[in-house]
1. Is segment 35-50 home to any residue that is part of a loop (DSSP other than H, G, I, E, B), touching a strand residue (DSSP E or B) at 6+ places or on another chain (Cβ under 7 Å) and either open to solvent by 10 Å² or more (accessible area, probe 1.4 Å) or without any contact (Cβ under 8 Å) to a residue 40 or more places away in the chain (or both)?
2. Filtering segment 100-113 down to residues that are assigned to a loop (DSSP other than H, G, I, E, B) and closer than 30 Å to ARG44 by Cβ, which residue is nearest to the chain's Cα centre (by Cα)?
3. Cβ contacts < 9 Å: first residue in contact (Cβ under 8 Å) with a residue 12 or more places away in the chain, restricted to segment 129-155; second residue of a type in the set (Asp, Glu) and outside any loop (DSSP other than H, G, I, E, B), any location; separation 6+ or different chain. Result?
4. When you go through LEU155, LEU114 one by one, which is the residue that is modelled with pLDDT of 95 or more, under 21 Å from SER59 (Cβ atoms) and crowded, with 16+ Cβ neighbours inside 10 Å?
5. Here is a check on your reading of the model: is GLN94 among the polar types (S, T, N, Q) and closer than 30 Å to ALA55 by Cβ?
6. Just for segment 84-99: of the residues that are assigned to a loop (DSSP other than H, G, I, E, B), at pLDDT 90 or above and of a type in the set (A, V, I, L, M), which one is nearest to ILE189 (Cα to Cα)?
7. Right, VAL169: more than 21 Å from ALA57 (Cα to Cα) and either out of contact with any helix residue (DSSP H, G or I) (no Cβ under 7 Å at 6 or more places or on another chain) or open to solvent by 40 Å² or more (accessible area, probe 1.4 Å) (or both) or not?
8. Yes or no: segment 60-67 includes at least one residue that is in contact (Cβ under 8 Å) with a residue 40 or more places away in the chain, buried (at least 16 other Cβ atoms within 10 Å of the Cβ), assigned to a loop (DSSP other than H, G, I, E, B) and not aliphatic (A, V, I, L, M).
Amino acid sequence: RMSNEQCAKSWRRPWPGPCGAPGRPRYFGDTRLEYFATAFAWARQTLRPKDDFIAVAGSSRGGELAFILAATYPEYVRAVVAFVPSAVVNGIQQAGKPGLPRDTPAWHLNGEPLPSLWRGNPHADVTAYTTPQVPGMPIRQDKAFLDAMANKEFLEKARIPVERVNGPVIMVSAGDDGCWPSEVFCEMIEERFAAYK
């Protein structure tokens, strides 16, 4: 189990997945969703999964991406497994290239950034990333997300349209998640599924 400081430091390293691999950007952010559509098409044609069944899985930012991909490409993705995911699109936060603002877009589609909770949001306060709520205690970043989510206009624009997911979903959240409010995010996803049944 990592402390909040260890969690924050781990995000300063190049993000695994679509980053850091040969031919891929070194840092998280500015990620084109079309990259994954190409991978899905290749998997379908080359691997020929039974019944075209392709599942996506991810943890934390990877869980956010898993839901984004399943909602964007329901013709490919048939299931989602997400550990401590987000219900909203976020900026690069602390995972991007050093020196870039935390609200820099992380995900792009058709050359445009996806609407995020952070970019231009007057309720967004990134000082929670560097300032403990209680002096001398570990930094808890979840407050930054909850504060940003108080702006309902930005919250609604940034919500991942999980109702487009074409298959079963498994989610795991953390009741005391200091990195971001994963339990709240999972509840939001459940509520959206229920609203669109």
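The values are calculated or read from the model by the stated rules, or taken from the named source; none is laboratory data. These figures come from a predicted structure and were not determined experimentally. Note: ideal-geometry Cβ built from the backbone for every residue, glycine included; neighbour counts use all protein chains shown. Surface areas here come from the heavy atoms of the whole protein model, side chains and all, with no ligands, DNA or RNA. Shrake-Rupley method; radii C 1.70, N 1.55, O 1.52, S 1.80 Å.
1. Looking for residues that are part of a loop (DSSP other than H, G, I, E, B), touching a strand residue (DSSP E or B) at 6+ places or on another chain (Cβ under 7 Å) and either open to solvent by 10 Å² or more (accessible area, probe 1.4 Å) or without any contact (Cβ under 8 Å) to a residue 40 or more places away in the chain (or both), one finds none in segment 35-50, hence no.
2. Restricting attention to segment 100-113, the residues satisfying the condition of being assigned to a loop (DSSP other than H, G, I, E, B) are 100-104, 106, 110-111.
Adding the requirement that they be closer than 30 Å to ARG44 by Cβ leaves 106, 110-111.
On the way: ALA106: 9, ASN110: 18, GLY111: 19 Å.
The extreme case among them is ALA106.
3. PRO138/GLU5; ILE139/GLU5
4. The match here is LEU114.
5. On the way: among the polar types (S, T, N, Q): yes; closer than 30 Å to ALA55 by Cβ: yes.
Against the criterion (among the polar types (S, T, N, Q) and closer than 30 Å to ALA55 by Cβ), GLN94 qualifies.
6. ALA87
7. Working: more than 21 Å from ALA57 (Cα to Cα): no; either out of contact with any helix residue (DSSP H, G or I) (no Cβ under 7 Å at 6 or more places or on another chain) or open to solvent by 40 Å² or more (accessible area, probe 1.4 Å) (or both): yes.
No, not satisfied.
8. Checked against the condition, which is being in contact (Cβ under 8 Å) with a residue 40 or more places away in the chain, buried (at least 16 other Cβ atoms within 10 Å of the Cβ), assigned to a loop (DSSP other than H, G, I, E, B) and not aliphatic (A, V, I, L, M), segment 60-67 yields at least one hit.
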